[in-house]
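J.: Attaching a single structure in structure tokens format; questions to follow.
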Amino acid sequence: MIRLKNERPTQTITALRGGIGDLTREDLFSTDEACGKTNVLAVLTIPPGNSIGEHAHGPDAELYYILTGTLRVTDNGVTKDLTPGDAVFTGGGTSHSVVNASSEDASLLAVIMK
């Protein structure tokens with residue numbers, strides 16, 4: 001299946017997982033389109049100062065792959081500033097959160113696996 005950028009369903013989400021402000025979610029493929037292998041397969045764009053609140057994953061797991069900008073990610077109590085090409089995998093009951101502490105929009109690929 002091919003999906004062009006202008007064909008992606010896009011939505012604005014406020015205070016995701018108790019975070020601050022809005023972010024944009026562009027769904028690459030729905031759960032059904034991904035043959036039921038993922039719960040979420042999306043690009044998230046987070047404006048400066050906005051965040052995704054801390055939340056745990058288990059029995060599911062989540063992969064973040066940084067696409068643009070700089071995001072401050074806390075994973076299982078460890079905080080690091082991540083840039084394009086960096087990745088985080090959270091599962092097994094551990095938790096994570098994300099804040100855009102920079103002065104420009106930042107985006108990541110989010111994949112929540114069953």
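J.: Please report, to two decimal places, log10 I(q)/I(0) for segment 20-114 at q = 0.11, 0.16, 0.22, 0.24 Å⁻¹ as given by the Debye formula with identical point scatterers on the Cα atoms and no solvent.
T.: Here the Debye-derived log intensity ratios amount to -0.29, -0.61, -1.13, -1.29.
J.: Follow-up question, since we're still on this one. How many Å³ per residue does the convex hull of the Cα positions in segment 3-44 occupy?
T.: So the per-residue hull volume is 67 Å³.
J.: Computing the accessible area with a 1.4 Å probe over protein heavy atoms, can you report the carbon and sulfur percentage for the chain?
T.: 53 percent
J.: Given H placed on each backbone N at 1.01 Å, which residues far from A106 in sequence or on other chains put an amide H within less than 5 Å of it?
T.: Under 5 Å from the amide H of A106: I46.
J.: Further question: For a quick check of understanding: with a 1.4 angstrom probe and all protein chains in place, what accessible area in square angstrom does D27 have, to the nearest ten?
T.: 30 Å²
J.: So, one more: Extension gain T10-N39, at 0.36 nm per residue separation less the Cα-Cα distance, in nm?
T.: Contour length minus the Cα-Cα distance gives 8.8 nm.
J.: Dividing the convex hull volume of the alpha carbon atoms of segment 64-114 by its residue count, what do you get in Å³ per residue?
T.: Measuring per residue, one finds 65 Å³ for the Cα hull of segment 64-114.
The values are calculated or read from the model by the stated rules, or taken from the named source; none is laboratory data. Bear in mind the structure is a predicted one, so any value in this text is a computation, not a measurement. All accessible areas refer to the heavy atoms of the entire protein, side chains included, with ligands and DNA or RNA removed. Shrake-Rupley method; radii C 1.70, N 1.55, O 1.52, S 1.80 Å.
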